[in-house]
Amino acid sequence: MTSLELEVDTGGRLVTNVTSEVERFAADAAGGGAGLVHVFLPHATCGVALMETGSGSEADLAEAIERLLPRDNRYRHAHGSVGHGGDHLLPAFVSPSLILPVDGGRLVLGTWQSVVLVDPNRENNRRTLRLSFLAG
């Protein structure tokens, strides 16, 4: 298995597109072959997802997360800024990992799918993205 860790700066954005980084890793690791890429975020307050970007979906996702996990003081997990407890619930809804197929050295995604990091936590903008390739 081949692995790589990347540092990603979310820069205060809820959604950070990491598709090109995952594609580059898949191409290098697969060497023209097939297998699986595992995308993992070892963090308690963010997740990784497949979604369309650039069409308004990012704002729609922000609104959905705000409805589901409002930034207020309702949470028992109460350290940090107001609403931070909700950040710790996000990985129950947006998984911290994905497994994606690779064929012919290329990441297999649908036409409108992008790999994104979803990070509502404004207390930490530095994230570690761990990529692993398992040849098929």
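Residues in segment 10-46 that are part of a strand (DSSP E or B) and touching a Ser or Thr at 6+ places or on another chain (Cβ under 8 Å) were compared, and the one that is nearest to VAL118 (Cα to Cα) is VAL15.
Between GLY31, GLY54, the distinction of being at pLDDT 95 or above, at positive phi and over 13 Å from the mean Cα position of the chain (by Cα) belongs to GLY31 only.
Restricting the search to segment 58-101, which residues are free of Cβ contacts under 8 Å to residues at least 40 places away in the same chain and in a helix (DSSP H, G or I)? Residues satisfying the conditions are ALA59, ASP60, GLU63, ALA64, GLU66, ARG67, LEU68, HIS84, GLY85, GLY86, ALA92.
Against the list (1) surrounded by 14 or more Cβ atoms within 10 Å (Cβ to Cβ); (2) out of contact with any Pro (no Cβ under 7 Å at 6 or more places or on another chain); (3) under 19 Å from VAL15 (Cα atoms); (4) touching a residue at least 40 places away in the same chain (Cβ under 8 Å), the condition LEU107 fails is (3).
Among residues of segment 118-136 that are of a type in the set (Gly, Ala, Ser), those with a Cβ under 6 angstrom from a residue that is surrounded by 14 or more Cβ atoms within 10 Å (Cβ to Cβ) and in a loop (DSSP other than H, G, I, E, B), sequence gap 6+ or separate chain, pair up as GLY136/ALA34.
The values are calculated or read from the model by the stated rules, or taken from the named source; none is laboratory data. From a predicted model like this one, the values you see are computed outputs, not experimental measurements. Positions of Cβ are generated from backbone atoms using ideal geometry, with glycine treated the same way; all protein chains shown enter the neighbour counts.
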